[in-house]
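The values are calculated or read from the model by the stated rules, or taken from the named source; none is laboratory data. Treat the numbers as computed from the prediction; the structure is a model and nothing was measured. Cβ placement follows ideal geometry from the backbone for every residue including glycine, while neighbour counts extend to all protein chains displayed. Ligands, DNA and RNA are excluded from the accessible area calculation, which covers all protein heavy atoms including side chains. Shrake-Rupley method; radii C 1.70, N 1.55, O 1.52, S 1.80 Å.
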Amino acid sequence: ALSVAVAGDLIYVQPVTYTESIDFPASGTSGNLITLSCALGALGQVLVNLPGSYVTANPDGPVLKLDGKSYIWINGLVIEGSIGMAEAPASEHSGANGISLLNNAGLGCKITNCVIYDCLHCGIKNSSTGTVEFTAEGNTIFDCGTISVDHGISVGNDSSVLNGNVAFNNAGNGINIA
């Protein structure tokens, strides 16, 4: 469903484990977000993790990527990074995030009620290449990173909205605003 999603689409995901990387193919609009959410009553029951073959071929690859995308809402997913996988690099890789916002991504984007853990770099990271403000609210991020530049949430601007997030036991800061 996500591969053909257009502005205004709401995709409810049933409780199961999805072993795949997610790259949104389109943006929503200010009045019509593209929403990827756990199904009603399935909060904390939709796990997204990476296949070993993807980690081997893309050691800097995130679980979920918003590359140049705007007006996306991600809600209620459990996102597991590659720490502990046999295919994972032994040390930090700067793109190996739970959720990456790259190349001017973020405008109107919301990340809410997600649990993100075991990422080689950050749980949620917006890149320094022009990412704009986004909202992260009610997320729990833990056990991310191997060195001090690996954070729970890392934002490159002071105009993002961060509210009610819990970040703990990450190698760097819980929340880092550069």
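A few comments on the model shown:
- Neighbour cut-off at most 15 other Cβ (10 Å), DSSP loop, GluC sites (Glu not before Pro), the stretch 1-89: Glu20, Glu87
- Bins of 10 Å from zero: percent of alpha-carbon pairs in the stretch 9-74: 20, 43, 32, 4
- Selection from Ile34, Ser21, Gly164, by position along the positive dipole direction of the chain (Cβ): Ile34
- Phi to ³J(HN,Hα) by Karplus 6.51 cos²θ - 1.76 cosθ + 1.60 over the stretch 51-57, Hz, x for Gly, Pro: x, x, 5, 5, 4, 4, 7
- Residues whose amide H falls under 5 Å from that of Asp67, counting only those 5 or more places apart or on a different chain, are Phe24, Leu102, with hydrogens built in the peptide plane.
- Accessible area per residue, Å², the chain with all protein chains present, probe 1.4 Å: 42
- Sequence-distant residues sharing a close amide H with Val13 (under 5 Å, placed H): Ser37, Cys38, Ala39
- Helical contribution to [θ] at 222 nm, DSSP H n ≥ 4, -39,500 (n - 2.57), averaged over the chain, rounded to 500: -1000 deg cm²/dmol
- Multiplying the residue separation of Asn58 and Val161 by 0.36 nm and removing their Cα-Cα distance gives an extension gain of 34.1 nm.
- About the centre of its Cα atoms, the chain shows a dipole size close to 280 debye [charges on the beta carbon of Lys, Arg (+1) and Asp, Glu (-1) only; nearest 20 debye].
- Gly108 long-range amide H proximity, modeled H, under 5 Å: Tyr71
- Solvent-accessible area, 1.4 Å probe, carbon plus sulfur percent, for the chain: 51
- For a 4.7 Å threshold on C-beta separation, the list of partnerless cysteines in the chain reads Cys38, Cys109, Cys114, Cys122.
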